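Please read the structure below before turning to the comments.
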Amino acid sequence: MKLLLTAALCAGTLGLMAPVQAEAGAIERACRQSDRNAATPSLCNCIQKVANRSLTRSERKTVSKWFGDPHQAQVVRQSSNRSDEALWERYKLFGDRAARTCG
C-alpha cells in the first residue's frame, strides 16, 4: 500500500516545470502538479495509462484528488461504506499494476 501511494504521489514534482498537455487525464495532471521529487512526465503518463485500464472515469477523478490531499485516501481506506471498500480494493490493484508497469 505504501509503495502504491508513494509511486502515485511521487509521480508529480515536475508539474510546475513541464506543461500539462490538454489530453492528459486527471491522474496524470494531479501527478504532474503534485509536490514530489520522483515525478517525471513519463512516469505520470504511465500511471495514467494504468489508471485508464484499472479505474472508471469517476474513480480516476476521485483518486486524482488524493494527490493533493492524501488524507482522503485514508478516509476511504478506513471507511466501512461498501462503495468505499470496493474503491479501495480497485485502488490497491491499480497501485500494484502501476508499480509493476511503471517501476
Calc'd 3J(HN,Hα), segment 59-65, phi into Karplus 6.51 cos²θ - 1.76 cosθ + 1.60 (θ = phi - 60°), Hz, glycine/Pro = x, comes to 5, 4, 5, 4, 5, 4, 5
Net charge near A26, counting Lys/Arg +1 and Asp/Glu -1 over other residues with Cβ under 9 Å of its Cβ? +4
Per residue of segment 43-51, in order, report the coupling 6.51 cos²θ - 1.76 cosθ + 1.60 (Karplus, θ = phi - 60°) as ³J(HN,Hα) in whole Hz, putting x for Gly and Pro. 5, 4, 5, 4, 4, 4, 4, 5, 4
Please list, in chain and number order, the residues 5+ apart from A39 or on another chain whose amide H is under 5 Å from its amide H, with Hs placed from the backbone. G12, T13, L14
Residue by residue through segment 87-101, what is 3J(HN,Hα) from phi via Karplus (6.51 cos²θ - 1.76 cosθ + 1.60, θ = phi - 60°)? Round to whole Hz and write x for glycine and proline. 4, 4, 5, 5, 5, 4, 4, 4, x, 4, 5, 5, 5, 5, 7
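Readers should treat all values here as calculations from the given coordinates under stated rules, not as data from a laboratory. These figures come from a predicted structure and were not determined experimentally. When we count neighbours, we look across all protein chains shown, and the Cβ atoms used for this are built from the backbone with ideal geometry, even at glycine.
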